[in-house]
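*Asks:* After the structure tokens below, expect a handful of questions from me.
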Amino acid sequence: MHYTINKPEHGSQEWLRVRWENKDGKKLISASVAAAVHNEHPYTSSAELAAELLADNPPAPLPPTKDMERGNRMEPMLVQWISETEVPLQTPDIMYGYERGNCRLIATLDAIDPEGKPYEVKSTRKRWTGELPDHWYWQGVQQAMCTGHDQVEWIIFDGDLDMHRYTQVVTSDEKQAHESAVAQFLESIDAGMMPEGAVASYEMVNKMYPQSTPSRVEIGDEGMDAVMQLIDLKDAIKELEKQENELQAQIGEMLKDCEVGTFNGAEIVSWKTYSRETVDTKALTEAHPALVAKFKKRSQYRTMKTKRSK
């Protein structure tokens with residue numbers, strides 16, 4: 001049920017891979033996105049998590065955001081701070097896993113104490129309220145499950161530049177709730193399906209199936225209904241765009257060369273002139289074809305087109 005593996009360089013492609021699938025090729029839930037399984041993560045929806053796990057390859061490393069960069073720099077300092085003032089801590093060079101049935105979890109820990117108790121370190125621009133946000137709460141539950149502990153110690157450096165300590169006690173009921181939710185979620189992933197309640201966007205599905213093949217599939221009555229609804233929706237959008245264009249033209253005739261339109265002295269519409277610079281690719285290609293060819297980049301995409309049934 002519990003196991004450990006060597007931790008690759010944090011943030012590397014290999015680190016992302018071992019958080020994405022186990023040695024048997026089965027997909028994993030990492031602690032940082034554990035809340036997405038419960039639809040309680042503010043930055044990752046359950047559908048986004050599912051699309052990432054259903055993809056053919058693990059996610060690629062991305063440049064760190066400002067918040068990530070701040071955390072990467074500050075969190076080791078906070079670990080050292082606690083080590084020097086309270087309890088000796090160390091950052092483990094292993095990752096902690098928990099597997100039972102379809103529940104497969106992995107966790108990277110910021111620090112552990114001499115007894116192996118997990119410590120999670122956060123730096124945030126928000127003020128600490130004394131209560132864990134949902135996505136931190138489920139991260140702690142999963143870390144407790146992966147390490148076999150019932151407590152997670154939190155070190156939080158907040159927007160008031162204060163350091164806070166919080167002890168999260170994780171009950172067996174909380175662990176069971178997370179295990180059941182993850183098992184159900186990954187059962188769908190193992191079957192190559194979106195989990196129940198996870199609504200995928202067109203962009204997500206496009207990433208899941210980026211390459212088309214010259215083949216056909218019978219989509220049935222449900223697919224036919226969806227296609228007809230899409231056609232009707234596109235027709236409605238075209239009509240709304242036409243109305244939008246007509247209204248803009250009407251208002252433009254009223255404004256003429258004025259930037260702002262008012263009603264009873266209050267501004268209600270503006271029509272200002274903006275400028276931007278673009279590269280004339282046609283002229284550049286004619287003048288320097290070899291240079292343009294050197295910097296050309298091929299992109300691949302799929303376009304969905306619909307036809308009304310006869």
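*Asks:* How large is the helix-only mean residue ellipticity at 222 nm for the chain, computed as the sum of -39500 (n - 2.57) over DSSP H runs with n ≥ 4, divided by its residue count, in deg cm²/dmol to the nearest 500?
*Replies:* -13500 deg cm²/dmol
*Asks:* Ranked highest first by average number of other Cβ atoms within 10 Å, how do 286-298, 240-252, 154-166 line up?
*Replies:* Highest-to-lowest ranking by the protection proxy: 154-166, 240-252, 286-298.
*Asks:* Can you tell me the Rg and the Dmax, both Å, for the Cα atoms in the stretch 216-269?
*Replies:* Spelled out, the Cα radius of gyration and Dmax of the stretch 216-269 are 20.1, 61 Å.
*Asks:* Let me ask something additional. Just to confirm the filter: which GluC sites (Glu not before Pro) across the stretch 1-74 are DSSP coil and have at most 11 other Cβ within 10 angstrom of their Cβ?
*Replies:* GLU9
*Asks:* Compute the distance from the alpha-carbon center of the stretch 173-201 to that of the stretch 218-277, in whole Å.
*Replies:* 40 Å
*Asks:* May I ask you to list the lysines whose Cα is less than 19 Å away from that of LYS272, ignoring any residue fewer than eight positions away on the same chain?
*Replies:* Answer for LYS272, where 19 Å is the Cα cut-off: LYS256, listed by chain and number.
*Asks:* List the relative contact order of the chain as a percent without decimals, with contacts defined as Cα pairs under 8 Å and 6+ residues apart.
*Replies:* So the answer I get is 17 percent.
*Asks:* So how much slack lies between ASP67 and GLU187, counting 0.36 nm per residue of separation and subtracting their Cα-Cα distance, in nm?
*Replies:* That works out to 39.9 nm of additional length.
*Asks:* With contacts defined as alpha carbon pairs under 8 Å and 6 or more residues apart, what's the relative contact order of the stretch 37-106 in percent?
*Replies:* 11 percent
*Asks:* I've got another one for you. Normalised radius of gyration for the stretch 98-227, please: alpha carbon Rg relative to 2.2 N^0.38 Å, two decimal places.
*Replies:* So the Cα radius of gyration is 1.46 times the expected 2.2 N^0.38 Å.
*Asks:* Separate question: Could you give the nm distance between label points at THR306 and GLU267, where each point is 7 Å from its Cα heading toward the beta carbon?
*Replies:* Placing both labels 7 Å along Cα→Cβ, they lie 3.9 nm apart.
*Asks:* 7 Å from Cα along Cα→Cβ at both VAL217 and SER201: what's the point-to-point distance in nm?
*Replies:* Here the answer is 2.2 nm between the modelled labels.
*Asks:* Using alpha carbon coordinates only, what is the Rg to Rh ratio of the stretch 1-78, with Rh defined as the Kirkwood radius?
*Replies:* The Rg/Rh ratio comes out at 0.97.
*Asks:* Cross-link candidates for LYS122: which aspartates and glutamates have Cα within less than 16 Å, leaving aside residues fewer than 8 places away along the same chain?
*Replies:* ASP67, GLU69, GLU75, ASP110, GLU131, ASP134, GLU153, ASP158, ASP160, ASP162
*Asks:* Full extension from GLU14 to ALA177: what is 0.36 nm times the residue separation minus their Cα-Cα distance, to one decimal in nm?
*Replies:* 55.7 nm
*Asks:* Using the crude model of +1 on Lys and Arg Cβ and -1 on Asp and Glu Cβ, and no other charge, please compute the dipole size for the chain relative to its Cα centre, in debye to 20.
*Replies:* Computed about the Cα centre, the dipole is about 1460 debye.
*Asks:* Kirkwood Rh, the stretch 93-172, all Cα pairs: how many Å?
*Replies:* Taking every pair of different Cα atoms in the stretch 93-172, averaging 1/r and inverting gives 13.2 Å.
*Asks:* What Kirkwood hydrodynamic radius do you get for the stretch 181-310 when you take the inverse of the mean 1/r over all pairs of distinct Cα atoms, in Å?
*Replies:* 21.4 Å
*Asks:* Sticking with this structure for a sec: Could you pull out every one of the aspartates and glutamates with an alpha carbon less than 15 Å from that of LYS297, ignoring same-chain neighbours closer than 8 positions?
*Replies:* Leaving aside aspartates and glutamates fewer than 8 places away in the same chain, none come within reach of LYS297.
*Asks:* Hey, rough spin-label estimate for SER275 and ALA55, points 7 angstrom out along Cα→Cβ, what's it come to in nanometres?
*Replies:* Calculated label separation equals 4.1 nm.
*Asks:* So, one more: Give the Cα extents of the chain along the principal axes, in whole Å, largest first.
*Replies:* Sorted from largest, the Cα extents of the chain read 74, 57, 53 Å.
Values in this text are rule-based calculations from the coordinates and carry no lab data. Bear in mind that the values here come from a model prediction, so they are computed numbers and not experimental data. All Cβ positions, even for glycine, are placed from backbone atoms using ideal geometry, and neighbour counts span all protein chains on display.
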